[in-house]
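The values are calculated or read from the model by the stated rules, or taken from the named source; none is laboratory data. Model, not experiment: these values are computed from the prediction. So basically every Cβ, Gly included, is an ideal-geometry build from the backbone, and we count neighbours across all protein chains shown. Just so you know, the surface numbers come from the protein's heavy atoms only, side chains and all, with ligands and any DNA or RNA stripped out. Shrake-Rupley method; radii C 1.70, N 1.55, O 1.52, S 1.80 Å.
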Amino acid sequence: MRGGALVALRLAVWLLAGGPLLWLAWLVAGGRLGPNPVEFLEHYSGDWALRLLLATLALTPLRRWSGRAEVLRVRRLLGLWAFVWICLHFATYLTFDLEWSAALLAEDLVERTYIALGFAAWLLLLPLALTSTRGWQRRLGRRWRSLHRLVYPAALLGALHFLWLVKADVREPLVYLGLLAVLLAARLPRRARRRV
Amino acid sequence: MLIRVPPLHPLRESDVTPEAVYRDRRRFLAGLGLAGAALAVPGLARAAVRQPAELAVGNRSELAGGEAVTDYETVSTYNNYYEFGTGKGEPARTAHTLRTRPWTVRVEGECAAPGTVDIEELLTGLEERIYRHRCVEAWSIVVPWVGFPLSRFLQRFRPTGNARYVAFETLYDPEQMPLTRSGVLDWPYREGLRIDEAMHPLAFLSVGMYGRVLPNQNGAPLRLTIPWKYGFKSIKSIVAIRFTERQPATTWQTMAPREYGFYANVNPEVDHPRWSQRRERRLGELWKRDTLMFNGYPEVAALYTGMDLKRYY
């Protein structure tokens, strides 16, 4: 039943990552984005980008915990979905906040830390998305693995990007940071981890 | 002897739906739907069924340069009122727990005639003013407020020569505001103005909007409306006003002094440390527009002659 499990996992990824997109399309079609649609789009896409990025990082610990190797076979799919949401998030900001002005983007990058953090996260993930094919994996060989470790700083930058922009209520970004810390700690070599 | 032969279709005059009701059937059905939804979602029930009472409004002044008034639905469902949740949509769902009657406002401090005023006394001689309202978060609305000039109200208490500032305080009652228990801000919410700012003819106290009593989430029953300053200066649900000699501590300034100043004048040239104030998004519009100096109320500039507005942000 290995094949069956993989199909189920793939389906779960498509539901988890594509479902919110369908829901968003339904909201847009019905004009149900609320009084500030742009803000809604930015928050909604940012939330899902961060959630899916964390979900991708959860796969390695999940494989270890479940002992099932097929878990890792949906990692690329989930990671790419996370990147799709990040691109949606970035495109919303570029379109409605900056109207695609390079000058405004440059100013934001220099003067606003949270923009710089988010942009850096996107930039780190861009080569990962581009080299996610089997061809690139083969061509880069061992360097592919090192390159794809960029996902860790990218996730950290993403979570900090959220923390940096909230006005007073930091509880939600702290939840994301906490989850990320747990997921990163789960990767430490066993001897470095203190037994609890 | 009257012999009454019932017709084949025995309907009486009283069985007929009155024309007014019949013609109003869409609204009646909408009402049923609303009631159904209201039954399903208890919070919505209170929000939807209770339509605020109308207010008698005298003078009306359009002071937003002819810009379109934002719709009531938007203004009453997109609120920053942290006592009722930090999400913009939360206060409209949760502020029904605020009890706006009985309500009194205590006025004290550096004045010859301190006292307590009942909100009912403040509901006569009202005027309407259409003002722009610009939030520090770079969104804005245009609202027809109903109320009276702040100066007229303050003068009743005969401030003394020592009254250099006016401090305002929002109600703080964890029972009516259960979310304040999480302690996001240092309650009660406090704000303040310099006395000459408070006495400026544009400074306004609102008891209503769109011709009706203020919804709770918009700061019922009494809120400040200072159109040339960022929205957080326009403190909601006021219970106390104090004339002071020293500049009062205000909530956001205490919380993050680098980000929120005491003056908080709308100023496109002075950015918030984390975001730009040069442009803003008018709710209902997709694209941003330029933010105007003093939110488009240049008549207040005289209050700040000689002041470095980059330093006194």
inquiry  = Condition check: open to solvent by 20 Å² or more (accessible area, probe 1.4 Å) and more than 30 Å from B:R99 (Cβ to Cβ). Does B:K288 satisfy that?
reply    = yes
Close pairs (9 angstrom Cβ cut-off, 6 or more residues apart or separate chains): more than 12 Å from chain A (Cβ to nearest Cβ) in the range B:73-97, open to solvent by less than 10 Å² (accessible area, probe 1.4 Å) and basic (K, R) anywhere = none
request  = Report yes if some residue within the range B:228-236 is touching a residue at least 24 places away in the same chain (Cβ under 8 Å), within 13 Å of another protein chain (Cβ to nearest Cβ), surrounded by 15 or more Cβ atoms within 10 Å (Cβ to Cβ) and part of a loop (DSSP other than H, G, I, E, B); otherwise report no.
outcome  = yes
note = Among residues of the range B:164-206 being within 14 Å of chain A (Cβ to nearest Cβ) and part of a loop (DSSP other than H, G, I, E, B), the residue surrounded by the fewest Cβ atoms within 10 Å (Cβ to Cβ) is B:G183
key: Residue ID - nearest to A:A8 (Cα to Cα), chosen from residues in the range A:69-114 that are within 14 Å of chain B (Cβ to nearest Cβ) and touching a residue at least 40 places away in the same chain (Cβ under 8 Å)   = A:T92
key: Which numbered condition B:T160 fails, given (1) surrounded by fewer than 17 Cβ atoms within 10 Å (Cβ to Cβ); (2) of a type outside the set (K, R); (3) under 17 Å from the mean Cα position of the chain (by Cα)   = (3)
note = With criteria (1) open to solvent by 10 Å² or more (accessible area, probe 1.4 Å); (2) in contact with a helix residue (DSSP H, G or I) (Cβ under 7 Å, 6 or more places away or on another chain), B:T254 comes up short on (2)
task = Find the residue count for the range B:257-313, including only residues that are within 14 Å of another protein chain (Cβ to nearest Cβ), touching a Phe, Trp or Tyr at 6+ places or on another chain (Cβ under 7 Å) and assigned to a strand (DSSP E or B).
result = 2
Yes/no for B:N295 being surrounded by 19 or more Cβ atoms within 10 Å (Cβ to Cβ), in contact with a Lys or Arg (Cβ under 7 Å, 6 or more places away or on another chain) and closer than 26 Å to A:E111 by Cα = yes
remark   = Filter the range B:139-156 for residues that are open to solvent by 10 Å² or more (accessible area, probe 1.4 Å) and either out of contact with any Lys or Arg (no Cβ under 8 Å at 6 or more places or on another chain) or part of a loop (DSSP other than H, G, I, E, B) (or both); the one that is farthest from B:P114 (Cα to Cα) is B:P149
query = Does the range A:5-14 contain at least one residue that is in contact with a helix residue (DSSP H, G or I) (Cβ under 7 Å, 6 or more places away or on another chain), within 23 Å of A:L126 (Cα to Cα), of a type in the set (F, W, Y) and away from chain B (no Cβ under 14 Å)?
reply = no
task = Check B:T100, B:T104 and return the single one that is of a type in the set (S, T, N, Q) and either open to solvent by less than 50 Å² (accessible area, probe 1.4 Å) or within 14 Å of chain A (Cβ to nearest Cβ) (or both).
result = B:T100
note = (1) hydrophobic (A, V, I, L, M, F, W, C); (2) within 30 Å of A:V170 (Cβ to Cβ); (3) at pLDDT below 95 all hold for B:V16 apart from (2)
